[in-house]
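Below is one structure, written out as structure tokens; comments come after it.
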């Protein structure tokens, strides 16, 4: 399986990316004879990045190594330039929301977040806890016991505990689990805001629509390897072995279909009542040629829409390959 990237892949000897808050350099992790993560090199700069992969691909293992919960079997994992394994000071820069719920249900939401603030030895823990609870919109329920919370409320409380010390790096494993649509939209807006403010946010999700709405930048893990890295639309355009599909409408679809069949970059044309479906071997060649072809033929273009540049199509292609 080849790796598709919007940037050239750095080697082990390459200098560190000065903008990256999180770096994996040739990282592998195995359990006995089972290789969970295989030679992954990855850099995360400020902004929001989605971590994608099928079940068992190694996403959680990658997150746990970033968080310092697991030692890499080979390679380096750095946060803010420091190794994460056996390095407690790294948690000054790092917040984590794991997929597994680890909350004491006998505590109130306020007590849980305040405990996190005190563990970080913040100078004003009460103020920090109040700010974090307000961020996730849990102030109205903060004095109820966590045992009475819905799954979405527990999830938001855990996010508040991870944000209480205002970390530069936030790692979230399936953060939208259990949230209703309004809660998800609020959490998406919160992550957007953190990325825009210069925080480095990495979140995994098995719902592609969530990743597409929150971030155009993805890291795709398949079978323990980094299969693709960067903006998923650019990744799709680099997949030259996959035909690109477009919907085209014009002033004369039938005449345009005839002309396009003679274009070298076009591999197929279908005409129906809604317009043309065109398959092209190369994205750039076709999109540059189409206006010229239409002009020569006296045809006015009305619409050109790529129909397979969604994150779902990119992910499906990568997993299938």
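Specify the residue with the greatest mean-square fluctuation among 269, 164, 136, computed from a Gaussian network of the chain linking alpha-carbon atoms under 10 Å apart.
Looking only at 269, 164, 136, the biggest GNM fluctuation is shown by 269.
Compute the distance in nm between two label points, each set 7 Å from the Cα along the Cα-to-Cβ direction, one at residue 242 and one at residue 73.
Between residue 242 and residue 73, the label points sit 2.9 nm apart.
Could you give the length gained by full extension between residue 196 and residue 231, i.e. 0.36 nm per residue of separation minus their alpha carbon distance, to one decimal place?
Contour length minus Cα-Cα distance gives 11.0 nm.
If each residue's Cβ is checked for other Cβ atoms within 10 Å, how do 253, 166 rank with the fewest at the top?
166, 253
Specify the residue with the greatest mean-square fluctuation among 70, 170, 226, computed from a Gaussian network of the chain linking alpha-carbon atoms under 10 Å apart.
70
Compute the distance in nm between two label points, each set 7 Å from the Cα along the Cα-to-Cβ direction, one at residue 254 and one at residue 151.
Result for the modelled spin labels: 5.5 nm.
Using label points projected 7 Å from each Cα along Cα→Cβ, tell me how many nm separate residue 140 and residue 100, to one decimal.
3.4
What is the stretch 65-201's relative contact order, in percent, from Cα pairs under 8 angstrom and six or more apart in sequence?
25 percent.
Looking at the chain only, what percent of DSSP beta bridges run antiparallel? Nearest 5 please.
Just about 65 percent of them are antiparallel.
Relative to the longest principal axis of the chain, what angle (0 to 90°, nearest 10) does the C-alpha long axis of helix 109-119 take?
80
Exposure proxy check: 221, 293, 146, 207 ranked by fewest other beta carbons within 10 Å?
By the 10 Å Cβ count, ascending, the order reads 207, 293, 146, 221.
Between (1) 23.5, 74; (2) 22.1, 76; (3) 19.4, 64, which entry matches Rg and Dmax of the Cα atoms in Å as derived from the coordinates of this structure?
The value matching this structure is (1).
Can you compute the FRET efficiency between residue 127 and residue 185 using 1/(1 + (r/R0)^6), with r the Cβ-Cβ distance and R0 = 30 Å? Round to the nearest 0.05.
After rounding, the FRET efficiency stands at 0.65.
Can you sort 274, 287 from fewest to most other Cβ atoms within 10 Å of each residue's own Cβ?
Least crowded to most crowded, the residues run 274, 287.
Express the relative contact order of the stretch 4-236 as a whole percentage, based on alpha carbon pairs under 8 Å and six or more residues apart in sequence.
28
Bear in mind these aren't lab numbers, they're just calculated from the coordinates by the rules spelled out. None of the values given here were measured: they were computed from a predicted structure. Positions of Cβ are backbone-derived with ideal geometry, glycine not excepted, and every protein chain shown enters the neighbour counts.
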